Amino acid sequence: MKPITCKVLILGAGPGGYVAAIRAGQLGLDTVIVDGQAPGGTCLNVGCIPSKAMIHAADEFEKAVHFADNSPIGVSVQKPEIDIAKTVEWKDGIVKRLNGGVAGLLRKNKVKLVEGWGRMSDGKTCVVKTDTGEQTIIAEHVILATGSEAVELPFLKFNDKVISSTEALSLSDIPSDLVVVGGGYIGLELGIAMRKMGANVTVVEAMERILPQYDAELTKPVMKKLEQLGVTVLLNTKALGEDSKQTGLKVELADGAENTIKADKILVTVGRRPKTEGWGLEEMDLTMDGKFVQIDDQSKTSMRNVWAIGDVTGEPMLAHRAMAQGEMVAEIIAGENRSFDKVCIPAVCFTDPEVVVVGLSPDEAKAAGYEIKTGMFPFAANGRSMTMEAEEGFVRVVARADNHLVLGIQAVGGGVSELSAGFALALEMGARLEDIAGTIHAHPTQSEGFQEAALKALGHALHI
């Protein structure tokens, strides 16, 4: 095939890659994007979107079970059943619609999508294995957006029984007994969903508490819900591998004793690693930061006109970080003056209840040398939360003691993911406690907890 030449080549059509491509197309840059799977990357195809679909289905099923068991709100139904195959089909339909939407946006902005796995042969040239043969692409600028992949444990290799989150989102049956290795956000999101759908779930976590990336106060309501759901959580427990009869998972308990946990499926969710193999990294002269591609505040790598965005560049491995970087890089290539100077990158954990973290926690603020004020408002005192049967959790605001500049906002509770944008906006705009407290928040909404937390920090909360 005749080589393609272009201004911008993007390797990887995940959230970072496709946003970079769309923005580059909008700016009139001749752009080609390469990926071997449907556009959307891990996030859209086997991550963020499908997992949230399955979590929603699990929540709806749990509600039906709740209504079948003497619900206090006066709604009653017959004992429900779930058809997991139909649920997966519905989830796949959402993914397909979004795939089509991304592909349509690429076409609309005159971006050429080359379907196939690409390999860089140098800093300008990519060879793509397509269904019709090899296609060479030569570009002035290259954006590496190769993403990340699930970490596989050497003593728990993936197979029909030992699965990653990808396989967990496409199960044909709900496992009777599911063991989740790793008590981080991926493991707990999927573990809670599977428990709500009827699986017996055991979580094995090597550290002393779940969700160790968050402070203990935020994770207490999640732990309480796990107990209410009947999820067994084994802390300070190490996974050792499948037992000899392959009936379950061997573990070393906190007291040093060994035990075997019965399992039809073992879901390994011990983290993700940057995808640095298979696309020609070794053919390029890139400076690495450990296992990640090193970048500066404009996402420039050590090679001229080679950029990198998203999970391959380090933590936090979040789709919205990749999107922001992709948009920025396209604009820099087009001649705009941009740099990555975000005050915060929100992190959301879609457990039950949900967890949102924006900016600094109280401990992080103190470690950074700040004297702080904090204010916390419990959802148990929030009218909207009561009417939603979602009284667990709280909103917490962290601010400087001297000038009341807000440094961080955290929340745990039902549906708090939708508050994350308001939290982030407050930090990006340099809000002070008085700004939040003085902003009228609609009643009755959960967002009132945000205003009340600021009022609490100022010493005059109205509703507690």
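Just checking, does region 384-396 include any residue being at pLDDT 95 or above, under 27 Å from ALA324 (Cα atoms), surrounded by 20 or more Cβ atoms within 10 Å (Cβ to Cβ) and under 26 Å from the mean Cα position of the chain (by Cα)? Looking for residues that are at pLDDT 95 or above, under 27 Å from ALA324 (Cα atoms), surrounded by 20 or more Cβ atoms within 10 Å (Cβ to Cβ) and under 26 Å from the mean Cα position of the chain (by Cα), one finds at least one in region 384-396, hence yes. Listed by first and then second residue, the pairs with beta-carbon distance under 6 Å, at least 6 apart or on different chains, first residue in region 246-275 and modelled with pLDDT under 95, second aromatic (Phe, Trp, Tyr) and assigned to a strand (DSSP E or B), form an empty list.
For ASP59, the conditions (1) within 26 Å of the chain's Cα centre (by Cα); (2) more than 18 Å from LEU171 (Cβ to Cβ) all hold with the exception of (2).
Those helices (runs of 4 or more DSSP H) of region 379-464 in which 2 or more residues are touching a Leu at 6+ places or on another chain (Cβ under 7 Å) and of a type outside the set (Phe, Trp, Tyr) occupy 433-437, 448-458. Given the criteria without any contact (Cβ under 8 Å) to a residue 60 or more places away in the chain, in contact with a Lys or Arg (Cβ under 8 Å, 6 or more places away or on another chain) and open to solvent by 50 Å² or more (accessible area, probe 1.4 Å), does ASN236 qualify? When the stated conditions are applied, ASN236 does not pass them.
The strands (runs of 3 or more DSSP E) located wholly in region 259-357 that include 2 or more residues which are touching a Leu at 6+ places or on another chain (Cβ under 6 Å) occupy 265-268.
The set of residues from region 405-464 being open to solvent by 30 Å² or more (accessible area, probe 1.4 Å) and within 20 Å of GLU371 (Cα to Cα) comprises LEU405, ARG432, GLU434, ASP435, LYS456, LEU458, GLY459, HIS460. At least 3 residues being open to solvent by less than 30 Å² (accessible area, probe 1.4 Å) is the threshold, and among the strands (runs of 3 or more DSSP E) wholly inside region 80-137 those reaching it are 125-130. Checking the structure you have, find out if any residue of region 303-313 is under 19 Å from LEU106 (Cα atoms), within 19 Å of the chain's Cα centre (by Cα), of a type in the set (Val, Ile, Thr) and crowded, with 23+ Cβ neighbours inside 10 Å. The answer is yes, given that some residue of region 303-313 is under 19 Å from LEU106 (Cα atoms), within 19 Å of the chain's Cα centre (by Cα), of a type in the set (Val, Ile, Thr) and crowded, with 23+ Cβ neighbours inside 10 Å. Being farther than 22 Å from LEU169 by Cα, exposed (fewer than 14 other Cβ atoms within 10 Å of the Cβ) and in contact with a strand residue (DSSP E or B) (Cβ under 6 Å, 6 or more places away or on another chain) is a property that GLU227 lacks.
Scanning region 281-302 for residues that are within 21 Å of ILE33 (Cβ to Cβ) and surrounded by fewer than 18 Cβ atoms within 10 Å (Cβ to Cβ) returns GLU283, GLN298, LYS300.
For region 252-270, filtering for residues that are touching a Lys or Arg at 6+ places or on another chain (Cβ under 7 Å) and closer than 19 Å to VAL151 by Cα leaves 2. Is it fair to say THR374 is free of Cβ contacts under 8 Å to residues at least 40 places away in the same chain and touching a strand residue (DSSP E or B) at 6+ places or on another chain (Cβ under 8 Å)? Taking the combined requirement at face value, the residue does not satisfy it.
The values are calculated or read from the model by the stated rules, or taken from the named source; none is laboratory data. Only a predicted model underlies this, so the values are computations on that prediction, with no experimental measurement involved. Every residue, glycine as well, gets a Cβ built from its backbone with ideal geometry; the counts of neighbours run over all protein chains shown. Heavy atoms of the whole protein, side chains included, go into the accessibility calculation; ligands, DNA and RNA do not. Shrake-Rupley method; radii C 1.70, N 1.55, O 1.52, S 1.80 Å.
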